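The values are calculated or read from the model by the stated rules, or taken from the named source; none is laboratory data. Source: prediction; values computed, not measured. For neighbour counting, all protein chains shown are included, and Cβ atoms are generated from backbone atoms with ideal geometry for every residue, glycine included. Areas reflect the complete protein model, heavy atoms only, side chains present, ligands, DNA and RNA absent. Shrake-Rupley method; radii C 1.70, N 1.55, O 1.52, S 1.80 Å.
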Amino acid sequence: MDTTLHVLDPGNLFEIDASFEVFKGLRPHLDRGEFLRRLQIQHEEGFRIVFFQQDKRVVAAAGYRVMHCMAWGRVLYIDDLVCAPAMQRAGLGAQLMDWLIDEAKRLDCDELHLDTGHQRHDAHRLYLRKGLHLTCYHLSMALNA
């Protein structure tokens, strides 16, 4: 397996298409077209994807952005972190987290944040091992349902 972390090139349609395959495991409500539409908009807002690949398939990926918040200052926010089912427990999520933590420090962020589904217990164990803390509830309301 290629253990080099790659940063997705938004102009590389092969990488974008390959990343959709792993992201749909975390975001099953998105079809390929909607994924591409959202990726383009989010990239314009500073969203980036980093990934590992094996045999030209993306097997683990994370999407993140840097933003400023009144409450926390400069924050690296992790939107998505996902591994293909066959690659779970291979340590790729931990490697992605390590890279993201280092990237947040490199970018002089004050904090690193993410939201996670309450049912994702394996992910919670990883996040807690990496030093993240459960600090708040995230509330939401669908406005165009």
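Within the bounds of the range 66-76, is there any residue that is modelled with pLDDT of 90 or more, within 20 Å of Asp9 (Cα to Cα) and out of contact with any Pro (no Cβ under 7 Å at 6 or more places or on another chain)?
Yes: one or more hits.
I need a count of the residues in the range 30-56 that are part of a helix (DSSP H, G or I) and either without any contact (Cβ under 8 Å) to a residue 12 or more places away in the chain or more than 12 Å from Asp80 (Cβ to Cβ) (or both). I'd like the intermediate steps shown before the answer.
Restricting attention to the range 30-56, the residues satisfying the condition of being part of a helix (DSSP H, G or I) are 32-44.
Next, from what is left, pick out any that are either without any contact (Cβ under 8 Å) to a residue 12 or more places away in the chain or more than 12 Å from Asp80 (Cβ to Cβ) (or both): 32-34, 36-38, 40-41, 43-44.
Here the count works out to 10.
Give the range 88-138 a look and list any residue that's modelled with pLDDT under 85, more than 16 Å from the chain's Cα centre (by Cα) and part of a helix (DSSP H, G or I), or say none.
His121, Arg125, Leu128, Arg129 - these are the residues of the range 88-138 that are modelled with pLDDT under 85, more than 16 Å from the chain's Cα centre (by Cα) and part of a helix (DSSP H, G or I).
In the range 65-87, how many are aromatic (Phe, Trp, Tyr) and either part of a loop (DSSP other than H, G, I, E, B) or surrounded by fewer than 14 Cβ atoms within 10 Å (Cβ to Cβ) (or both)?
Filtering the range 65-87 for residues aromatic (Phe, Trp, Tyr) gives 72, 77.
Now restrict to residues that are either part of a loop (DSSP other than H, G, I, E, B) or surrounded by fewer than 14 Cβ atoms within 10 Å (Cβ to Cβ) (or both): 72.
Total meeting the criteria: 1.
What's the number of the only condition in (1) at pLDDT 90 or above; (2) touching a helix residue (DSSP H, G or I) at 6+ places or on another chain (Cβ under 8 Å); (3) surrounded by 18 or more Cβ atoms within 10 Å (Cβ to Cβ) that Arg32 fails to meet?
The single condition Arg32 does not satisfy is (3).
Identify, by number, the condition in (1) at pLDDT 85 or above; (2) in a strand (DSSP E or B); (3) open to solvent by 20 Å² or more (accessible area, probe 1.4 Å) that Thr3 doesn't meet.
(1)
Looking only at the range 6-29, how many residues end up being at pLDDT 80 or above, farther than 14 Å from Ala61 by Cα and either hydroxyl-bearing (Ser, Thr, Tyr) or part of a loop (DSSP other than H, G, I, E, B) (or both)?
Narrowing the range 6-29 to residues at pLDDT 80 or above: 6-9, 12, 14-29.
When the remaining residues are screened for being farther than 14 Å from Ala61 by Cα, the result is 12, 14, 28-29.
In the following step, the residues that additionally are either hydroxyl-bearing (Ser, Thr, Tyr) or part of a loop (DSSP other than H, G, I, E, B) (or both) were identified as 12, 28-29.
Adding up the residues that qualify gives 3.
Does Val59 fit the bill of being in contact with a Cys (Cβ under 8 Å, 6 or more places away or on another chain), closer than 19 Å to Trp99 by Cβ, outside any loop (DSSP other than H, G, I, E, B) and modelled with pLDDT under 95? Spell out how you get there, then give the answer.
Details: in contact with a Cys (Cβ under 8 Å, 6 or more places away or on another chain): yes; closer than 19 Å to Trp99 by Cβ: yes; outside any loop (DSSP other than H, G, I, E, B): yes; modelled with pLDDT under 95: yes.
Answer is yes for this residue.
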